[in-house]
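S.K.: Here it is, the structure, as structure tokens.
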Amino acid sequence: MADHYSSFEPKGTRWLLQRITAGFLVVVLAFHFMLLHFVNHAGDITFLGTQARMSQVGYFLTMVSFLIAGAFHGVNGVYNALVNQGLDGTQKTVVKWLLVAAGALLIAQGIRVATAMTGLF
Amino acid sequence: MSQSYDRGLIEDFGRWKEFSAGMWAWIFHKFTGWVLIGYLFTHVAVLSSATVSGEVYTQTLQSLESLLVVRVLEVGLLAVAAFHILNGIRLLFVDLGIGLEAQDKAFYAAMVATGVITIASIPTFLGGI
Amino acid sequence: MSTQIKERDTETESESSEESEHQTRRLSEKRERADMKERADNDLSEHDETVRLKVFRYDPEVEGKKDPRFDTFEVPFTKGMTVLDALIYARDHFDSSLTFRHSCRQAVCGSDALFVNGRQRLGCKTQMVDLEWPVRIEPLPHADVVKDLIVDMEHFYDQMESVEPYFQTNELPSGEEQRQSRENREKVKMSTRCIWCSACMSSCNVAAGDNEYLGPAAINKAYRFAMDEREGEDMKAHRLNIIEQEHGVWRCQTQFSCTEVCPKDIPLTEHIQELKREAVKSNLKFW
């Protein structure tokens, strides 16, 4: 059994990042909900309003960090859930890279959208 | 080993009545997590209409928001997010080793708070339709 | 009451002469069983309270017992009766083929962890009066059943061994005893209580899905030595190395199932969480 564990592969980094992103997401997700459902009602959203918000550098950066943190936290969470179920071997490698690709795609498209929302480009 | 008997899934979800607080918290956290990451992909997809033009974006969002189904689903999303946030805070405390003996009460508190937040938000979410 | 297979007397009649020895044995066994039954009947009439046990039965080696089933035993209740006492009574009076592990009867040997009324408990430490009757007794979940209430413990022992569950150090004090400070002893005190009963492992949802996961007991064992200051820095680094591989501490989802079922009240989740933080801290040092 001991041989099995000989390859040293610290997994603590992802664990820590999952917690750090969690701490950030708790605040920003709550803020996001408050702003876009209570302060501004979802039904009243127009491109102009969105543009006004996204043109502020601070807000823009917060939303992009929100996107990146959320994508990592979610995709990593899905991966963890699958490993907990006993996902193993080749399947695991395939799923891992699929998830990495999906996460990267989500972030890339998200940033494209965010940039478009500023209306500057 | 070859002759031993494996009782299969009866051991797990067939026994849901015997689950304790920590187990329920884990199940709900996982479920809400799946919903949230699924929503994030959908959300970015819908907002992608902004890359076409401002008018398309406004039109897409307003027509979606005029549907009762969407509004109801949004209430569901709020419930899911609220639970994931509140239980997430509970889990962060557990990770820090704080208040482990109260983890079950913290879960019940998260459930109650989620319920209250959801009910209180219904007028805002369904208003103006 | 039990579903013991009836002796088939007709079979022996044809070759009776050379089988006389077996015949006598069989007859004496029969008499013994009759005595047992009589004693049980006496006990049952003398006691005004009986408890009904529903016991999981399975025996792959006997035709007719291969299909798992539940047997019901009506056992006279006595004050202070434990689940193990009741099982012993059922075995000694109703069905001698009823199989379960037990040894010390005082929650030290860790042999009789069972699934009682939907929860992992030690048979010898669980009072009948604390349970809802009838009492349902099954072998530990998430382990292969060998026979009746006995599960295969091999995998559990493998996981325990993999964390090197023994004291080791390269920092020997010269000519002295390896003294432990009072504070340090307090720190590891609870973790030393483990009796290797595997109740925690059986209750763990993650261990059920991921067969490579070390599980609460093994991680607690690792904690017991990693936190022992006498082992020194090198050994602690080595131990953290073992528990921080992918199927080590990170798989714990803090469901608290293990902590809740541990018959020795070891704060397992707390120990696992502390090791996670230790592992993260030691990795940050290298950055």
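Only the coordinates and a few stated rules stand behind these numbers; no lab work does. Just so we're clear, the structure is a prediction, and the values are computed from it rather than from any experiment. A quick note on method: Cβ atoms are made from the backbone with ideal geometry, for glycine too, and the neighbour counts reach across all protein chains shown.
S.K.: Determine the dipole magnitude for the range C:26-151: charges of +1 sit on the beta-carbon of Lys and Arg, -1 on that of Asp and Glu, nothing else is charged, the reference point is the Cα centre, and the result goes in debye to the nearest 20.
M.R.: On the way: 21 positive and 24 negative charges, 66 e Å.
Taking the Cα centre of the range C:26-151 as origin, the dipole is about 320 debye.
S.K.: Add -39500 (n - 2.57) for each DSSP H run of 4 or more in chain A, then divide by its residues: what number comes out at 222 nm, to the nearest 500 deg cm²/dmol? Working shown, then result.
M.R.: Details: 4 runs with 88 residues, N = 121.
Calculated from helices alone, the mean residue ellipticity at 222 nm is -25500 deg cm²/dmol.
S.K.: Counting other Cβ atoms within 10 Å, keep those with at most 11, restrict to DSSP loop, and tell me which trypsin sites (Lys or Arg not before Pro) in the range C:30-126 are left.
M.R.: Counting only loop positions with at most 11 other Cβ atoms within 10 Å, the trypsin sites (Lys or Arg not before Pro) in the range C:30-126 are C:Lys79.
S.K.: What is the Cα centroid distance between the range C:165-196 and the range B:67-106, reported in whole angstrom?
M.R.: 41 Å
S.K.: Next question. State, as an integer percentage, the relative contact order of chain C based on alpha-carbon contacts under 8 Å between residues 6 or more apart.
M.R.: 15 percent
S.K.: Over chain C, one equal point on each Cα, no solvent: what is log10 I(q)/I(0) by the Debye formula at q = 0.09 Å⁻¹?
M.R.: Evaluating at q = 0.09 Å⁻¹ gives log10 I(q)/I(0) of -0.57.
S.K.: Let me ask something additional. Can you tell me, using C-alpha contacts under 8 Å and at least 6 residues apart, the relative contact order of the range C:90-143 as a whole percent?
M.R.: On the way: 54 pairs, mean separation 14.9, N = 54.
Relative contact order for the range C:90-143 comes out at 28 percent.
S.K.: Is there a simple number for the mean count of other chain Cβ atoms within 10 Å of the Cβ of residues in B:49-56, and what is it?
M.R.: Other-chain Cβ atoms within 10 Å of each residue's Cβ, averaged: 4.
S.K.: Additional query: Highest mean first, what order results for C:132-141, C:220-229 on Cβ atoms within 10 Å?
M.R.: Highest to lowest by the protection proxy: C:220-229, C:132-141.
S.K.: For the range C:26-97, state which GluC sites (Glu not before Pro) are in a DSSP loop and have at most 12 other beta carbons lying within 10 Å of their beta carbon.
M.R.: Taking the range C:26-97 and a limit of 12 other Cβ atoms within 10 Å, the loop GluC sites (Glu not before Pro) found are C:Glu49, C:Glu61, C:Glu63.
S.K.: Okay, moving on. Rounded to the nearest 500, what is chain C's calculated 222 nm mean residue ellipticity when only DSSP H runs of at least 4 contribute -39500 (n - 2.57) each, over all residues? Intermediate values should be presented prior to the final figure.
M.R.: Values: 11 runs with 117 residues, N = 287.
The helix-only estimate for chain C comes to -12000 deg cm²/dmol at 222 nm.
S.K.: Taking every DSSP beta bridge with both residues inside the protein assembly as shown, roughly what % is antiparallel (nearest 5)?
M.R.: Percentage antiparallel, nearest 5: 85.
S.K.: What percent do you get for the relative contact order of the range C:135-287 when only Cα pairs under 8 Å and 6+ apart count? Could the numbers behind the result be given before it?
M.R.: Details: 186 pairs, mean separation 39.3, N = 153.
26 percent.
S.K.: Quick one: which of C:265-272, B:22-29 comes out on top by average Cβ neighbours within 10 Å, and what's the full order, highest first?
M.R.: Details: C:265-272: 22.6, B:22-29: 20.4.
In decreasing order of mean packing, C:265-272, B:22-29 become C:265-272, B:22-29.
S.K.: Rounded, prolate or oblate, given the Cα gyration tensor of the range C:26-151, with a/c below 1.5 counting as rounded? Please list the in-between numbers first.
M.R.: Details: a/c = 1.70, a/b = 1.10, b/c = 1.55.
Since a/c reaches 1.5 but b/c is at least a/b, the shape of the range C:26-151 is classed as oblate.
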